[in-house]
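Reviewing the structure listed below.
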Amino acid sequence: MLTIDDSVRELYPGAKMGILAVKDVSDSGFMTEEEVAEFLQDLSRKYAQFEREELKELYPISAYIAYYKKFGSSYHLLGQLESLIKGKKTANFDSGLLQAMFLSEMDDMLLTAGHDLAKLHLPLELKIATGEETYQSISGKEAVVVIRDLLLIDKEGPVSSILKGPDFPSRITSQTSEVLFSVYAPPGIGEGYIKDSLKKLEKRIRALSPSSNTELLQVYC
């Protein structure tokens, strides 16, 4: 389902990508308010005692901080985590699948993109962007991929990148019945940590859609 180009290993030795593909899913389920409240309480206990500079040093956040710094950018999930803990951001989504993905991101701080698997043209490839690639971003606007960024492509072209996010054509919708989640892991993040996070995401999906079937759960190195 996925190959990693040799250029990735040369430029970012130790970089990985985790893949979770699930079929027969329904996007009609959601976590209850009580479940979300319990999650936020656990999240607060896990992270609230840290100041921003201390958060930046935590694993695996520090690996993303180092990666984004190469491009003069900040790790946006860190800002979302702080907003969530302070009550400035909610965990409410129109999609149960996206809600599950977001909570997994906040729990383990691994950058994840979600796609409608049926709209992807397999196989996928993780490569280094040349800076000339473009695609329609999730906002609907054209995204120009940043040179040397990690870029995920299918047979038709780019579907996501770290700095520009997922594409619009393969976005998750209420009609999605096959879903693929890809975890971008820069150097410094362990395979076991990624796999454990994917298993937790798989469990969340199954709770929302008991009839779902996991097609693939794998970390590519």
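Observations on the structure shown:
- Relative contact order [Cα under 8 Å, 6+ residues apart], the chain, whole percent: 39 percent
- Across region 118-160, the residues whose backbone nitrogen lies under 14 Å from the label position 7 Å along the beta-carbon direction of Leu11 are 126-134, 145-153.
- Residue-count net charge about Ile172 - beta-carbon cut-off 12 Å; Lys, Arg +1, Asp, Glu -1: -3
- Placing +1 on each Lys and Arg Cβ and -1 on each Asp and Glu Cβ, with no other charges, gives region 1-79 a dipole about its Cα centre of roughly 440 debye.
- Distance in nm between pseudo-label sites at Cys221 and His121 (7 Å out along the Cβ direction from Cα): 3.3 nm
- Between Ser174 and Met1, full extension at 0.36 nm per residue minus the direct alpha carbon distance yields a gain of 59.9 nm.
- Cross-link table Lys89/Lys164; Lys69/Lys164; Lys119/Lys155; Lys46/Lys203; Lys16/Lys155; Lys164/Lys203, entries beyond 23 Å C-alpha to C-alpha: Lys164/Lys203
- Environment charge at Lys70 (Cβ cut-off 11 Å; Lys +1, Arg +1, Asp -1, Glu -1): +1
- Net +/- balance of residues flanking Lys23 in space, Cβ distance below 11 Å, scoring K and R +1, D and E -1: -3
- When the Cα positions of Ser170, Gln218, Gly157 are compared along the charge dipole of region 136-221, Gln218 comes out farthest toward the positive end, with charges on each C-beta of Lys, Arg, Asp and Glu.
- Each 10 Å bin from 0 upward holds the following percent of the Cα-Cα pairs of the chain: 8, 34, 39, 18, 1.
- Segment Phe71..Arg45, full-extension length gain: 6.2 nm, with 0.36 nm per residue of separation and the alpha-carbon distance subtracted.
- Ranked by the mean number of other Cβ atoms within 10 Å of their residues, highest first, the peptides 121-134, 97-110 come out as 97-110, 121-134.
Bear in mind that the values in this text are calculations on the coordinates, not laboratory data. For clarity, every value in this text was computed on a predicted model and none was experimentally measured. Methodologically, a virtual Cβ is constructed for each residue, glycine included, from the backbone with ideal geometry; neighbour enumeration extends over all protein chains shown.
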